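In what follows, a structure is listed as C-alpha cells, so that the remarks can point back to it.
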Amino acid sequence: MKTATVVVKTDPQVKRRVQELAAAAGLTLSDLVNVRLREYAEADSVSVSVVPRISKKLERTIAKAERELAQGKIRVAHSVKEFIQELNA
C-alpha cells in the first residue's frame, strides 16, 4: 500500500496521552489517525463530537453537596415563594 505523510501540530501532552491510549489498544498513533481519515473518506463528511467533562474539583464539590443534602444539612425550597422566604430568614 502506498502511503502519504501527514504533518500535524498538536499539544505534546495530548500526543503522549493518545499514544498511551492507542498502545493500550495495541495500536499506534498512526493507526488511529488512519482509521479516522478512512471513516471521513467513507462517509464523505467530517463530524466531530466533543463530550463535555467536568473537572475533578467540580465532581468533588457536587459529591459533597449531595452528601450534605442527604444528611439534611442543606434546605431545599420547593417553590419560588419558599426560596424567597429562606433568603429573608
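Nothing in this text is a laboratory measurement; each read-out follows from the coordinates by a stated rule. Since this is a predicted model, take the numbers as computed values, not measurements. Virtual Cβ from ideal backbone geometry, glycine too; neighbours counted across all protein chains shown.
Here is how the numbers come out for the structure above:
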| read-out | value |
| --- | --- |
| For the chain, size of Cβ-based charge dipole, Lys and Arg +1, Asp and Glu -1, in debye | 400 |
| Linear extension gain, ASP31 paired with VAL46, 0.36 nm per residue minus alpha-carbon span | 3.6 nm |
| Note, ³J(HN,Hα) from phi for segment 30-45, Karplus 6.51, -1.76, 1.60, rounded to Hz, x at Gly and Pro | 4, 4, 4, 4, 4, 4, 5, 4, 5, 4, 4, 5, 5, 7, 6, 7 |
| Where labels lie 7 Å past Cα in the beta-carbon direction, separation of ARG75 and GLN19 in nm | 5.7 |
| Calculated from backbone phi, Karplus (6.51, -1.76, 1.60) coupling profile of segment 75-89 in Hz, x at Gly/Pro | 7, 10, 8, 9, 7, 5, 4, 4, 4, 5, 4, 5, 5, 7, 6 |
| Highest-first arrangement of 72-79, 41-48, 24-31, where packing means the average Cβ count within 10 Å | 24-31, 72-79, 41-48 |
| Per-residue HN-Hα couplings for segment 19-25 [Karplus 6.51, -1.76, 1.60; θ = phi - 60°; Hz; x = Gly/Pro] | 4, 4, 4, 5, 4, 4, 9 |
| Computed helical MRE - 222 nm, the chain, DSSP H runs ≥ 4 contributing -39500 (n - 2.57), nearest 500 | -18500 deg cm²/dmol |
| About the Cα centre, charge dipole magnitude for segment 1-49 (Lys/Arg +1, Asp/Glu -1 at Cβ), debye | 220 |
| Descending Cα extents along the principal axes, segment 1-49, whole Å | 30, 30, 22 |
| Charge-dipole axis of the chain as Lys and Arg at +1 and Asp and Glu at -1 on Cβ define it, positive-most pick from TYR40, ASN88, ALA23 | ASN88 |
